[in-house]
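Below is one structure, written out as structure tokens; the observations come after it.
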Amino acid sequence: MDDKHIKQAENWRDKLLKASRTLGIAVISTKDRDGNQIDAYPEVGHAPFVHLDGRFYIYASHLSAHVRAMIENQPVLFFLVVDETHSQNIWARVRLKFSAEIKELFREDERFNLILNEIGAQHGPVMDMIRNFSDFHLFEITPQKGVLVTGFAAAFDVAGPEFELVRHLRQG
């Protein structure tokens with residue numbers, strides 16, 4: 001992997017992080033508290049986010065199965081995908097999927113209102129309406145590792161909160 005390809009991948013990563021407004025969430029396995037499978041298919045959802053200091057913050061309702069899974073510490077994956085209308089090639093959309101450490105920030109946390117203010121500033125006045133809804137939870141999501149795809153034959157393992165490129169994935 002030469003410097004030119006690394007720089008291109010880093011630019012795509014940075015553009016994706018800057019342009020994305022929602023974070024996709026996929027529940028890998030949906031089980032009840034006793035470990036019994038409750039769904040025959042995985043749950044998928046999304047939530048508006050803010051990206052601060054290498055962490056994502058979402059404020060979402062536990063009425064959604066993917067949020068309940070996060071509360072119950074079930075395995076989940078996160079993903080960002082470039083908008084179809086901005087994709088150079090629909091077959092090779094730029095995308096980033098990753099695992100993360102998830103921490104719920106409770107209302108008593110000194111950062112709670114500051115982060116909600118930032119979400120409201122970035123996503124609009126709906127935050128004023130939902131801020132005090134008791135079914136909503138604030139999550140801090142710290143990326144650990146994942147895969148960045150920037151085109152055909154251009155996929156990279158990434159690591160850490162800054163999605164540092166670790167290695168180019170090659171067939172074989």
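Would you confirm, using the coordinates I've provided, whether Glu72 is over 30 Å from Ala153 (Cβ atoms), charged (D, E, K, R) and within 19 Å of the chain's Cα centre (by Cα)?
Here the answer is yes, as Glu72 does meet what is asked.
Just checking, how many residues over the range 119-144 are in a strand (DSSP E or B) and either exposed (fewer than 15 other Cβ atoms within 10 Å of the Cβ) or among the hydroxyl-bearing types (Ser, Thr, Tyr) (or both)?
2
Can you tell me which of (1) in a loop (DSSP other than H, G, I, E, B); (2) acidic (Asp, Glu); (3) modelled with pLDDT of 90 or more is the one Asp39 doesn't meet?
The failed condition is (3).
Out of Gln122, Gln144, which single residue is in contact with an Asp or Glu (Cβ under 7 Å, 6 or more places away or on another chain) and either farther than 21 Å from Lys4 by Cα or at pLDDT 95 or above (or both)?
None of the others qualify; the one that does is Gln144.
I need the full set of residues from the range 49-71 which are crowded, with 19+ Cβ neighbours inside 10 Å and either part of a strand (DSSP E or B) or of a type in the set (Gly, Ala, Ser) (or both), in order please.
Result: Phe49, Val50, Phe56, Tyr57, Ile58, Tyr59, Ala60, Ala69.
Taking the condition of being exposed (fewer than 13 other Cβ atoms within 10 Å of the Cβ) and of a type in the set (A, V, I, L, M, F, W, C), how many residues in the range 72-104 meet it?
Qualifying residue count, the range 72-104: 2.
The values are calculated or read from the model by the stated rules, or taken from the named source; none is laboratory data. Values in this document were obtained by computation on a predicted structure and should not be read as measured data. Counting neighbours? That spans all protein chains shown, and the Cβs are built from the backbone with ideal geometry, glycine included.
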